[in-house]
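Some notes on the structure that comes next.
The values are calculated or read from the model by the stated rules, or taken from the named source; none is laboratory data. Because the structure is a prediction, the values reported are computed rather than measured. Neighbour counts run over all protein chains shown; Cβ positions are idealised from the backbone, glycine included. Heads up: the accessible areas ignore ligands, DNA and RNA and are worked out on the full protein's heavy atoms, side chains in. Shrake-Rupley method; radii C 1.70, N 1.55, O 1.52, S 1.80 Å.
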Amino acid sequence: MQLPLLRALRAADAGTRIEDLIAGTITAILLIPQGMAYAMLAGLPAQTGLYASILPPILYALFGSSRTLSVGPVAVAALMVANALAQYAAEDPGLWLSGALILSTQTGLILLLMYVLRLGTLVNFISHPVLSGFTSGAAILIIISQLKHLTGLALPLAEPWVSLELLWQGRMQMHGPTLLFGGASILLLILSRGPLIRALHGIGMRGGRAAMLSRTVPLLVVIGAIIIADRTDAAERLGVAVVGFIPAGLPQLNWQLLPTAQWLSLAPSALLIALVGFVESISVARVLAMRRRQKIDANQELLALGLSNLGAAVAGAMPVAGGFSRSVVNFEAGARTQGAAMVTALLVALVAVFFTTWFYHLPDAVLAAIIVVAVSQLIDWRGARHVFAYDRGDGATLVATLIGVVVFGIEIGLVFGIGLAAALYLRRTSEPHLAILGRIPGSEHFRNIERHAVDCSPRVMIIRVDENLYFANIAAVESFIETALAAKPDTRYLLLVMSAVSYIDSSAEDELERLNQILGERGIELHLSEVKGPVMDRLASTALGLALRERIHLSTHLALRVLERA
């Protein structure tokens with residue numbers, strides 16, 4: 001098996017390599033503070049965010065099918081890790097880091113198992129409203145979780161409404177210097193997204209160059225905060241919480257990944273982290289690939305992400321996935337291959353080896369600000385309005401998932417959303433759309449009699465079935481047919497147009513066979529038209545197929561011509 005990266009590098013020219021070098025450098029500028037921030041969000045030491053940004057991206061670069069996806073720590077997975085470990089390490093905080101490694105290992109193994117079973121299409125079973133509601137709810141939880149770092153209040157881990165209540169009660173005791181660091185950082189980061197780019201455009205800077213310059217603002221904010229905190233001795237004199245000592249060097253590889261007694265309790269959380277991480281990663285990868293007419297292999301992504309998470313466990317880091325903001329930055333910076341990810345990983349490794357002491361005075365409030373501004377983009381109000389306007393059922397699913405995540409937690413909220421989407425799908429398909437058809441005068445086309453001016457045959461009832469037939473909806477189809485026939489007692493032939501039917505399960509086949517017998521006893525012949533090949537193949541050897549062998553027509557037009565002459 002030839003690695004995707006090697007194929008891409010062999011085809012790359014000098015210009016491509018330069019673009020990858022520039023893109024990798026810009027992505028590293030964003031990843032370094034972001035990785036440390038997400039490690040803090042997961043309740044882990046800052047260096048684990050750097051470790052998660054070295055070996056995992058290299059493994060993904062070797063095996064991934066996306067040329068621009070940036071793999072590393074992500075906000076939603078970090079929050080899920082924190083939630084899982086809050087219960088796992090409740091009595092012994094010393095288990096927090098080992099628990100994170102177990103989660104990384106389990107996540108990697110689950111993804112590899114999905115790869116072996118060819119479950120790449122599993123991503124299609126999480127609808128967009130569920131995913132949007134989940135990410136929006138998770139973003140709200142993340143923002144609330146960072147309030148303690150932004151305000152300097154000792155807010156315990158609790159339900160979001162409890163945290164907000166405690167925040168309100170302690171509003172007069174907020175720590176001023178901490179608020180200043182956090183508030184100023186949030187303001188600068190927000191200004192860097194729109195106003196700064198517009199200002200750069202105003203002085204004649206090109207759009208792409210202006211956008212790239214704005215991407216450096218998080219690192220500039222970090223550097224500025226470190227300098228100010230160091231010069232003012234913010235930690236000692238002002239009581240500002242800072243990152244503190246970060247051990248220098250590359251991670252010590254950990255090979256003790258065999259199952260332990262603690263694996264069982266963390267397995268459900270690992271399963272959801274794997275599922276969410278895969279969905280988030282492949283969604284971003286597909287969006288970016290479409291812009292350049294490239295193809296993403298879902299099963300190859302399972303392999304690459306599985307190995308990346310095992311690499312995270314070996315490197316002593318948290319679970320990883322493809323990040324939206326970093327991937328977009330990587331793409332817009334001109335990355336052409338995963339060589340850019342190699343450059344990013346190398347630069348992060350250099351920081352981990354030589355420059356960790358520089359981050360000693362970095363205020364926690366600044367990292368919290370980076371998290372808050374980054375995840376605020378995940379709250380998709382515009383998308384929610386569009387979903388509601390298009391389909392209220394999908395809109396209700398989105399809101400219910402969001403509320404479920406915020407009120408009941410990440411895992412329960414996600415499972416609830418998936419279950420609700422499945423229930424709505426069953427409800428919709430159990431009440432299929434059926435239409436009585438007539439011929440448009442002077443044509444061979446047939447349309448719904450309630451929508452068009454059509455001609456109807458006095459002896460032929462034509463009904464179009466607009467849904468696959470299965471156990472949950474066949475009764476509704478029979479009920480519609482009975483009502484239609486009762487309204488037209490002179491019917492001699494019932495013609496079912498099957499152009500929208502791609503599957504008939506055994507329950508529906510049995511009921512159609514019974515319907516054929518009942519209609520025959522009433523002097524009505526059942527006919528079918530426009531039956532698809534796969535459906536014909538399944539019906540060929542059944543009693544229904546044999547009984548209707550001479551009554552299955554190529555088109556509705558031909559069927560009606562035969563029946564009107566009968």
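Quick grid of which residues meet (1) modelled with pLDDT of 90 or more; (2) farther than 16 Å from Ala368 by Cβ; (3) surrounded by 15 or more Cβ atoms within 10 Å (Cβ to Cβ):
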{"residue": "Leu200", "(1), (2), (3)": "no, yes, yes"}
{"residue": "Gly204", "(1), (2), (3)": "no, yes, no"}
{"residue": "Arg231", "(1), (2), (3)": "yes, yes, no"}
{"residue": "Val243", "(1), (2), (3)": "no, no, yes"}
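Scanning the range 120-174 for residues that are surrounded by 15 or more Cβ atoms within 10 Å (Cβ to Cβ) and among the polar types (S, T, N, Q) returns Ser127, Ser132, Thr135, Ser136, Ser145, Gln146, Thr151, Ser163. Please tell me if Leu9 is open to solvent by less than 40 Å² (accessible area, probe 1.4 Å) and either at pLDDT below 90 or in a helix (DSSP H, G or I) (or both). Criteria not met by Leu9. Can you say whether Ser283 is open to solvent by 20 Å² or more (accessible area, probe 1.4 Å), of a type in the set (Ser, Thr, Tyr) and assigned to a helix (DSSP H, G or I), as far as the supplied structure shows? Answer is yes for this residue. Out of all the residues in the range 424-453, which are open to solvent by 50 Å² or more (accessible area, probe 1.4 Å) and touching a Ser or Thr at 6+ places or on another chain (Cβ under 8 Å)? The one that is open to solvent by 50 Å² or more (accessible area, probe 1.4 Å) and touching a Ser or Thr at 6+ places or on another chain (Cβ under 8 Å): Glu444. Checking each residue in the range 259-280 for being surrounded by fewer than 18 Cβ atoms within 10 Å (Cβ to Cβ) and either in contact (Cβ under 8 Å) with a residue 12 or more places away in the chain or in a helix (DSSP H, G or I) (or both) picks out Thr260, Gln262, Trp263, Leu264, Ser265, Ala267, Pro268, Leu271.
Among the conditions (1) over 23 Å from Phe446 (Cα atoms); (2) surrounded by 16 or more Cβ atoms within 10 Å (Cβ to Cβ); (3) polar (S, T, N, Q), the only one that Gln517 does not satisfy is (2).
Can you find a residue in the range 369-379 that is within 24 Å of the chain's Cα centre (by Cα), modelled with pLDDT of 85 or more and under 13 Å from Leu31 (Cβ atoms)? Yes - at least one qualifying residue is present in the range 369-379.
For (1) in a helix (DSSP H, G or I); (2) free of Cβ contacts under 8 Å to residues at least 24 places away in the same chain; (3) under 17 Å from the mean Cα position of the chain (by Cα), each residue gets a yes or a no:
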site: Ser53; (1), (2), (3): no, no, no
site: Ser66; (1), (2), (3): no, no, yes
site: Ala77; (1), (2), (3): yes, no, yes
site: Ala90; (1), (2), (3): no, yes, no
site: Pro93; (1), (2), (3): no, yes, no
site: Gly99; (1), (2), (3): yes, no, no
site: Leu103; (1), (2), (3): yes, no, no
site: Gln106; (1), (2), (3): yes, no, no
site: Leu112; (1), (2), (3): yes, no, no
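Residue-by-condition table, conditions (1) among the polar types (S, T, N, Q); (2) more than 30 Å from Val162 (Cβ to Cβ); (3) more than 22 Å from the chain's Cα centre (by Cα):
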| residue | (1), (2), (3) |
| --- | --- |
| Ile418 | no, no, no |
| Leu437 | no, yes, yes |
| Ser457 | yes, yes, yes |
| Ile474 | no, yes, yes |
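Residue-wise test of (1) in contact with a Gly (Cβ under 8 Å, 6 or more places away or on another chain); (2) over 21 Å from Ala472 (Cα atoms); (3) in contact (Cβ under 8 Å) with a residue 60 or more places away in the chain; (4) of a type in the set (Asp, Glu).
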{"site": "Asp510", "(1), (2), (3), (4)": "no, no, no, yes"}
{"site": "Ala547", "(1), (2), (3), (4)": "no, yes, no, no"}
{"site": "Arg551", "(1), (2), (3), (4)": "no, yes, no, no"}
{"site": "Leu563", "(1), (2), (3), (4)": "no, yes, yes, no"}
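Taken together, Thr397, Thr429 contain a single residue that is more than 19 Å from Leu558 (Cβ to Cβ), modelled with pLDDT under 95, out of contact with any helix residue (DSSP H, G or I) (no Cβ under 6 Å at 6 or more places or on another chain) and of a type in the set (S, T, N, Q), which is Thr429. For Ile29, indicate whether it is aliphatic (A, V, I, L, M), out of contact with any helix residue (DSSP H, G or I) (no Cβ under 9 Å at 6 or more places or on another chain), in a helix (DSSP H, G or I) and at pLDDT 80 or above. It is false that Ile29 is aliphatic (A, V, I, L, M), out of contact with any helix residue (DSSP H, G or I) (no Cβ under 9 Å at 6 or more places or on another chain), in a helix (DSSP H, G or I) and at pLDDT 80 or above.
When restricted to residues that are open to solvent by less than 30 Å² (accessible area, probe 1.4 Å) and either touching a strand residue (DSSP E or B) at 6+ places or on another chain (Cβ under 8 Å) or within 20 Å of Trp161 (Cβ to Cβ) (or both), the range 380-401 contains 2. State whether one or more residues within the range 105-119 are touching an Asp or Glu at 6+ places or on another chain (Cβ under 6 Å) and either surrounded by 24 or more Cβ atoms within 10 Å (Cβ to Cβ) or at pLDDT 90 or above (or both). Scanning the range 105-119 turns up no residue that is touching an Asp or Glu at 6+ places or on another chain (Cβ under 6 Å) and either surrounded by 24 or more Cβ atoms within 10 Å (Cβ to Cβ) or at pLDDT 90 or above (or both).
Have a look at Ala559, Ala484, Ala540 and point out the one that is hydrophobic (A, V, I, L, M, F, W, C), open to solvent by 50 Å² or more (accessible area, probe 1.4 Å) and either in contact with a helix residue (DSSP H, G or I) (Cβ under 9 Å, 6 or more places away or on another chain) or at pLDDT 95 or above (or both). Of Ala559, Ala484, Ala540, the one residue that is hydrophobic (A, V, I, L, M, F, W, C), open to solvent by 50 Å² or more (accessible area, probe 1.4 Å) and either in contact with a helix residue (DSSP H, G or I) (Cβ under 9 Å, 6 or more places away or on another chain) or at pLDDT 95 or above (or both) is Ala540.
When each of Pro319, Pro268 is tested for being in contact with a Gly (Cβ under 7 Å, 6 or more places away or on another chain), closer than 22 Å to Tyr115 by Cα and at pLDDT 90 or above, the lone residue that passes is Pro319.
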